[in-house]
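To start, the structure itself, in structure tokens.
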Amino acid sequence: MKIKELIKLTLRGFRILYFCAAMNKLDTYKHVGMRRKLVNELKELGVTHSEVLMAIDKVPRHLFLDKAFEKQAYENIAFQIGAGQTISQPYTVATQSALLEIKKGDKILEIGTGSGYQTAVLLELGAKVYSIERQKELFDKTKVLLPSLGYKAQLYYGDGYKGKSAFAPFDKVIITCGAPFVPPALVEQLKIGGIMVIPVGEGRVQSMKRITKKAKDGLIEEEFGNFSFVPMLEERQ
Ligand code: SAH
């Protein structure tokens, strides 16, 4: 290797290290304290899954939001993240994550990367995540943000209705936008024995469904109350 290339590589390494250190600094004790409070609030709301609570305790949600929202980042509310989309409420993220019954090493397909916050929670739970986002603006932003915070996921710009057949079957599938119906391709790409968590319904309110694939054509469906998501955008022709 030429000396010039070596210097270039070393400088790039230093730049990455500096960037990581700078990002770390942005997660202060104050934020850690705010996260603890959020976790307690989620417990009061009935979230009991300890690994999920631990994951929420770790992910710096304020870094997934616009700086203007920093003070409220650990309140149990949804926020605008651009392109008319929202980061889900922490209670919703906790509920969906718990319903997935994640085991370390699970291969998860996520539809609706958005800010990447839910993706980060799944990664903290030890999953390998493949995530699809339909809005280019959000995809571009999150593709830079997640690795800068040390989160490694496979991110794709595309249509969630189609899933990602090249990497199927998945142990779990999570949809983080309101789906008008259960997309057949996503059921197809779910492993036998796998679980899909999907808010289904048109309009402002959807019913949270957990679908367990017992056999190729044997689906068990359970319902877990009403939630409000931004709509899953129509299929592209
Ligand atoms: N999990 C996200 C929530 C984002 S809101 C977070 O933690 O921030 C839902 C996201 O689904 C939006 O970013 C929206 O652009 C995306 N979306 C909507 N329809 C989609 C589709 N057909 N395919 C992939 N993503 C879609």
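I'd like the accessible area for GLU202, computed on protein heavy atoms only with a 1.4 Å probe and all protein chains in place. Round to 10 Å², please.
150
Output wanted: per-residue J couplings in Hz (rounded whole) for the range 91-103, from phi through Karplus 6.51 cos²θ - 1.76 cosθ + 1.60, θ = phi - 60°, x for Gly and Pro.
For the range 91-103, the Karplus-derived couplings read 4, 5, 4, 5, 5, 5, 5, 5, 5, 6, 6, 6, 10 Hz, x marking Gly and Pro.
Got the relative contact order for the chain handy, in percent, Cα pairs under 8 Å and 6 or more residues apart?
Here the relative contact order equals 14 percent.
How far is the Cα center of the range 201-221 from the Cα center of the range 78-104, in Å?
That distance is 17 Å.
Using Cα positions and a limit of under 16 Å, work out the lysines in reach of LYS214, with same-chain residues fewer than 8 apart set aside.
List returned: LYS172, LYS191.
For the chain, what does the helix formula give at 222 nm: sum of -39500 (n - 2.57) over DSSP H segments with n ≥ 4, over the residue count, nearest 500 deg cm²/dmol?
-11000 deg cm²/dmol
For the chain, with every protein chain kept in place, what is the accessible area per residue (1.4 Å probe, Å²)?
Accessible surface, normalised per residue, equals 54 Å².
Anything over 22 Å Cα to Cα? Flag those among LYS164/LYS216; LYS71/LYS209; LYS30/LYS143; LYS37/LYS103; LYS8/LYS141; LYS58/LYS162, in the order listed.
LYS71/LYS209; LYS30/LYS143; LYS37/LYS103; LYS8/LYS141; LYS58/LYS162
How much of the DSSP beta bridge set in the chain is antiparallel, as a percent to the nearest 5?
Approximately 45 percent, going by the DSSP bridge assignments.
Which order do the peptides 150-160, 174-184 take when ranked by the mean count of other beta-carbon atoms within 10 Å per residue, highest first?
Ranked by mean Cβ neighbours within 10 Å, highest first: 174-184, 150-160.
Mind checking which of TYR161, TYR29, TYR117 has the largest fluctuation in a GNM of the chain, springs on alpha carbons under 10 Å?
Between TYR161, TYR29, TYR117, it is TYR29 that shows the largest mean-square fluctuation.
³J(HN,Hα) across the range 34-41 via Karplus (A = 6.51, B = -1.76, C = 1.60, θ = phi - 60°), whole Hz, x for Gly/Pro?
5, 5, 4, 5, 4, 4, 4, 5
Looking at the range 3-227, I'd like the Rg to Rh ratio, where Rg is from alpha-carbon atoms and Rh is Kirkwood's inverse mean 1/r.
0.99
Which number do you get for Rg(Cα) / (2.2 N^0.38 Å) in the range 162-237?
Compared with the compact-globule rule of thumb, the range 162-237 sits at 1.06.
Return the long-range amide H neighbours of GLY194 (sequence gap of 5 or more, or a different chain), with a cut-off of under 5 Å between placed amide H atoms.
Sorted by chain and number, the residues that satisfy this are LYS213.
With all protein chains present, how much of the accessible area of the chain (probe radius 1.4 Å) comes from carbon and sulfur, to the nearest whole percent?
Carbon and sulfur: 57 percent of the exposed surface of the chain.
The values are calculated or read from the model by the stated rules, or taken from the named source; none is laboratory data. Keep in mind that this is a model prediction, so the values were computed, not measured. Every residue, glycine among them, receives a Cβ derived from its backbone with ideal geometry; neighbour counts consider all protein chains shown. SASA here: full protein model, heavy atoms, side chains in, ligands and nucleic acids out. Shrake-Rupley method; radii C 1.70, N 1.55, O 1.52, S 1.80 Å.
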